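Trainee: Supplied in structure tokens, the structure appears directly below.
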Amino acid sequence: MEDIYQSLGVRRVVNAAGTLTRLGGPPMRPEAVEAMREASRWSVSIEELQDRAGTYLAEVTGAEAGYVTCGAAAGLQLAAAACLAGLDIHRMERLPDSSGMPNRIIVQRCQRNAYDHALRAAGAILVEVGQLGNPEARPTAPWEIEAAIHPETAAVLWVDMQAPGAVSLEDTVTAAHRHRLPVIVDAAASLPPRENLKRFVAAGADLVAFSGGKALGGPQASGILVGRRDLIDSVALQHQDMDVWPETWMHRRRFLESGRLPGPPLQGIGRPLKVGKEEIAGLVAALRAYLKQDPAAWRREQAGKIQTLQDGLRKLPHLKVSIVDGGEAGYLQLAVELEENPAGLTLVDLVLGLMEADPAVAVGQQEMPRGRLILNPMSLGLDQLELVIERFKSILAG
């Protein structure tokens, strides 16, 4: 059978850059692939499937409820929509027009990043707190979060990232909850370690978004959103296909007969963020497999990959290689620097040269301003390590 990429004329990529979405993430776990194949054979009630999957996600994370999204960014947009609209169907139908309703979400200036655009897409207005300048010299204080709280504030955002000077999640939760405001946590890339699945909820976060297509090895277009039951209910109502008859709606007792809603809302702002039955099944299967994985054995495997790459690359001319911390204990990466060379080869030349062949080799470029490339082993197969080394060798010998 012809390879689908070859049939389209698309080069395959040996991914030494990590779990980047623009490279399609890592290979999916076999369990996820099989679950998606099985799920594709039948139609199913998405409401029921999301409910059952959400129950499992809640059990795993310690949250009240859970929901499968089409990625962490989608989770953030849905989380913002839930905080803005709650269970008010008139607000749901108006978003992203959030005028006349609490629509401000507070964020620490040192935690701003390109992905918080997802919250603004729901209609939220981000309000920054924290001083300009060096955040290490002038850290943000919890009182600054409270001072920014206003009758129009809908939530507080906290991002799990290396941000010197940031207020801790615990102090952020204390400040927000004192004013009965929910805290949204962006934990897109917070796995590993697996303990983070429960850490943020345990700290009091009200909604937490994880990626499903990174370390979990699930479908690239999948994510996890967990948190308060009422907020997850709002997410579902604004995300799912709501072209339903009130009399036959699966959740008529839960929402209509209970008096929580006057009727089913229309298609919400989250409708374009649709999740298929295959992605829901694949995400659940990937998470189950991830939780069965031996963390120590996984770290040893990643360290072994790094050692193989280091041993091979350090023999090549004009390269300086060193093992660096990848952010978590035992999570290692390899830094590659170019020393002076007769051909005047630059890091840009090296990156472009690695990407020319089929399969191409992609490396991490986030450290290029500091004069080095980063090799991340997470998406590399053991059988791909020598290919990476040989590709470096061919370019340096050219």
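Trainee: Of the chain, which part is the longest with no GluC sites (Glu not before Pro) in a loop (DSSP not H, G, I, E, B) and with at most 15 other C-beta atoms within 10 angstrom?
Mentor: The segment 3-135 is the longest one with no such site.
Trainee: Next question, about the same structure. For the chain, what proportion of DSSP beta bridges, expressed in % and rounded to the nearest 5, is antiparallel?
Mentor: Roughly 50 percent of the DSSP beta bridges within the chain come out antiparallel.
Trainee: Let me ask something else about it. Report relative contact order for the chain in percent, whole number only (criteria: Cα-Cα under 8 Å, sequence separation at least 6).
Mentor: Here the relative contact order equals 23 percent.
Trainee: I need two numbers for region 28-154: Rg to one decimal and Dmax as a whole number, Cα atoms only, in Å.
Mentor: Reported Rg and Dmax, both Å: 18.7, 58.
Trainee: Oh, and also: Only sites in a loop by DSSP and with at most 12 other Cβ atoms within 10 Å count here; which chymotrypsin sites (Phe, Trp or Tyr not before Pro) in region 33-113 make the cut?
Mentor: 42
Trainee: Follow-up. Hey, in the GNM for the chain with a 10 angstrom Cα cutoff, which one of 326, 353, 259 fluctuates hardest?
Mentor: Largest GNM mean-square fluctuation: 259.
Trainee: Whose amide H sits under 5 Å from the amide H of residue 319, counting only residues 5 or more places off or on another chain, with H placed in the peptide plane?
Mentor: For residue 319, the qualifying residues are 339.
Trainee: Right, another one. So if each residue of separation counts as 0.36 nm, and I subtract the Cα-Cα distance between residue 56 and residue 230, what length gain in nm does that give?
Mentor: 60.9 nm
Trainee: Please compute P(r) over all alpha-carbon pairs of region 303-398, binned at 5 Å starting from zero, and give each bin as a whole-number percent.
Mentor: 2, 13, 26, 28, 20, 7, 2, 0
Trainee: Once the piece of chain linking residue 339 and residue 254 is laid out straight, how much longer is it, given 0.36 nm per residue of separation minus the C-alpha distance between them?
Mentor: 24.0 nm
Trainee: Taking the beta-carbon count within 10 Å as an exposure proxy, list 70, 110 from fewest neighbours to most.
Mentor: The fewest-first ordering by Cβ neighbours comes to 110, 70.
Trainee: Once phi is turned into ³J(HN,Hα) by the Karplus curve 6.51 cos²θ - 1.76 cosθ + 1.60 with θ = phi - 60°, what whole-Hz value does each residue of region 245-262 show in order, with x for glycine and proline?
Mentor: Per-residue couplings from phi come out as 8, x, 5, 10, 4, 4, 9, 5, 5, 5, 10, 8, 5, 7, x, 6, 9, x Hz.
Trainee: Enumerate by residue number the trypsin sites (Lys or Arg not before Pro) in region 12-112 meeting two conditions: DSSP loop (anything except H, G, I, E, B), and at most 16 other Cβ atoms within 10 Å of the site's Cβ.
Mentor: Hits after loop and neighbour filter: 12, 41, 112.
Trainee: Tell me, what is the FRET efficiency for residue 178 and residue 320 to the nearest 0.05, using R0 = 45 angstrom and their Cβ-Cβ distance as r?
Mentor: Computed FRET efficiency for residue 178 and residue 320: 0.30.
Trainee: Same structure, new question: Which FRET efficiency value, to the nearest 0.05, is calculated for residue 355 and residue 161 with the Förster distance at 22 angstrom and r the Cβ-Cβ distance?
Mentor: So the FRET efficiency works out to roughly 0.20.
Trainee: Rounded to the nearest Å, what's the spacing between the alpha carbon centres of region 181-214 and region 40-112? Just the number, please.
Mentor: Taking the Cα centre of each part, region 181-214 and region 40-112 sit 14 Å apart.
Trainee: Another question, then. What is the pair-distance distribution P(r) of the chain, computed from all Cα-Cα distances in 10 Å bins starting at 0, with each bin given as a whole percent?
Mentor: Here the calculated profile for the chain is 5, 21, 27, 24, 15, 6, 1, 0.
Trainee: Which residues' amide hydrogens lie under 5 Å from the amide hydrogen of residue 129, considering only partners 5 or more residues apart or on another chain, with H built in the peptide plane?
Mentor: Result for residue 129 returns 107, 108, 109.
Trainee: OK, next. Give the angle, between 0 and 90 degrees and rounded to the nearest 10, that separates the Cα long axis of helix 229-239 from the longest principal axis of the Cα atoms of the chain.
Mentor: On a 0 to 90 degree scale, this one is about 80.
Trainee: What do you get for trypsin sites (Lys or Arg not before Pro) in region 292-376 restricted to DSSP loop and a cutoff of at most 15 other Cβ within 10 Å of the site's Cβ?
Mentor: Passing sites in region 292-376 are 314, 315.
Trainee: Moving on. Return the sequence-ordered ³J(HN,Hα) values of region 118-128 in whole Hz as given by the Karplus equation 6.51 cos²θ - 1.76 cosθ + 1.60 applied to θ = phi - 60°, using x for Gly and Pro.
Mentor: Per residue, the Karplus-derived 3J(HN,Hα) values read 4, 6, 5, 5, 7, x, 6, 10, 7, 10, 7 Hz.
Rule-based calculations on the coordinates, nothing more; no lab input. Please read all numbers here as calculations on a predicted model, not as lab measurements. As a convention, Cβ positions derive from the backbone with ideal geometry for all residues, glycine included, and neighbour counts pool all protein chains shown.
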